[in-house]
Ligand SMILES: NC(=O)c1ccc[n+]([C@@H]2O[C@H](COP(=O)([O-])OP(=O)(O)OC[C@H]3O[C@@H](n4cnc5c(N)ncnc54)[C@H](OP(=O)(O)O)[C@@H]3O)[C@@H](O)[C@H]2O)c1
């Protein structure tokens, strides 16, 4: 932790990202908050400045656009902001069979969850390594451990986040840069509402609070722990596939994700 550290968080306008912003603000880190919803970001910025006396910059950005990561990199550079910690949290998924969901929206999932995450990492990580400080905290999911019928693209994006982050953690060993992946299970946020879209039924899985997930991820990152699966039931969910045949795993997950 450092009083002069700057932390950039994507998807800070709600849910886990918003709660992560509170955790880093409590460390007295300066913050750059990124998402599309300016009003929600500004509201959070006011709260964090008031409660923690930290500097907060708001960037309204759409990560579904290919050029956005470079724009973020250039805007922070022009403002003289050195990003020490990058939290790649923005993400969404869609429930439904691959063939029934609109292809452009599915490609958007890839863009936000994967391409933007890799691009931002590629832009900010070299500076961290050069300065021998800082880190990357990526938000994956327990979905990253298994294939996910009826949410196929989302699960695949989280598998990439998982694999990519673990690999980077090894590459960055002894570099002074911490690399972690936070893998939540079902969490009380806007995620399900976005994922269900027009569909009516809510999944009946028990959910952790976004605050509890964020606190676990933040602590793991500060300890330089590579993988953080918050909560006992999520740890069980993440471990179970190792003991079951792969065919059984994909059928079970498909059933879990079926809406009707
Ligand atoms: N909730 C769960 O059950 C759960 C479980 C495992 C993993 N996760 C992961 O946790 C992360 C955070 O999700 P959440 O659960 O906190 O859901 P959430 O409340 O819906 O938050 C998603 C965040 O991502 C941002 N975002 C989405 N599309 C964006 C875009 N095109 N450009 C910029 N920002 C965008 C949203 O901001 P704007 O709408 O303002 O742009 C919002 O701040 C995601 O990566 C998700 O996959 C969630």
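The values are calculated or read from the model by the stated rules, or taken from the named source; none is laboratory data. The structure displayed is predicted, hence computed values, not measured ones. Because the Cβ atoms are built from the backbone with ideal geometry, glycine has one as well, and the counts that use them run over all protein chains shown.
Within segment 57-69, being exposed (fewer than 13 other Cβ atoms within 10 Å of the Cβ) and either without any contact (Cβ under 8 Å) to a residue 40 or more places away in the chain or not in a loop (DSSP other than H, G, I, E, B) (or both) holds for one residue alone: 67. Going by the structure shown, is residue 85 over 30 Å from residue 257 (Cβ atoms), away from the ligand (no atom under 16 Å from the Cβ) and surrounded by 24 or more Cβ atoms within 10 Å (Cβ to Cβ)? Yes.
Is it the case that segment 184-202 has a residue that's assigned to a helix (DSSP H, G or I), away from the ligand (no atom under 12 Å from the Cβ) and either at negative phi or surrounded by fewer than 17 Cβ atoms within 10 Å (Cβ to Cβ) (or both)?
So in segment 184-202, the residues assigned to a helix (DSSP H, G or I) come out as 191-196.
Now narrow it down to the ones that are away from the ligand (no atom under 12 Å from the Cβ): none.
No, that holds for no residue.
A Cβ distance below 6 Å, combined with a sequence gap of six or more or placement on separate chains, defines the contacts here; from segment 149-166, residues that are on the phi > 0 side of the Ramachandran plot and touching a residue at least 12 places away in the same chain (Cβ under 8 Å) reach residues that are in a helix (DSSP H, G or I) and more than 12 Å from the ligand (Cβ to nearest atom) in the pairs 150/254; 150/257.
A search for C-beta distances below 6 Å between a residue of segment 5-34 that is within 12 Å of residue 87 (Cα to Cα) and without any contact (Cβ under 8 Å) to a residue 24 or more places away in the chain and any residue that is in a strand (DSSP E or B) and away from the ligand (no atom under 15 Å from the Cβ), counting only pairs 6+ apart in sequence or on different chains, returns nothing.
Of the residues 39, 55, 71, 47, the single one that is more than 19 Å from the chain's Cα centre (by Cα), modelled with pLDDT of 95 or more and within 11 Å of the ligand (Cβ to nearest atom) is 39. When residues in segment 88-109 are screened for being over 14 Å from residue 197 (Cβ atoms), in contact with a helix residue (DSSP H, G or I) (Cβ under 8 Å, 6 or more places away or on another chain) and surrounded by fewer than 21 Cβ atoms within 10 Å (Cβ to Cβ), 1 of them pass.
Taking the conditions (1) in contact with a strand residue (DSSP E or B) (Cβ under 7 Å, 6 or more places away or on another chain); (2) modelled with pLDDT under 95 in turn, residue 226 satisfies each one other than (2). Of the residues 54, 129, the single one that is closer than 18 Å to residue 5 by Cβ and in a helix (DSSP H, G or I) is 129. When the residues of segment 88-109 are filtered to those that are more than 8 Å from the ligand (Cβ to nearest atom) and part of a loop (DSSP other than H, G, I, E, B), the one that is nearest to residue 160 (Cα to Cα) is 94.
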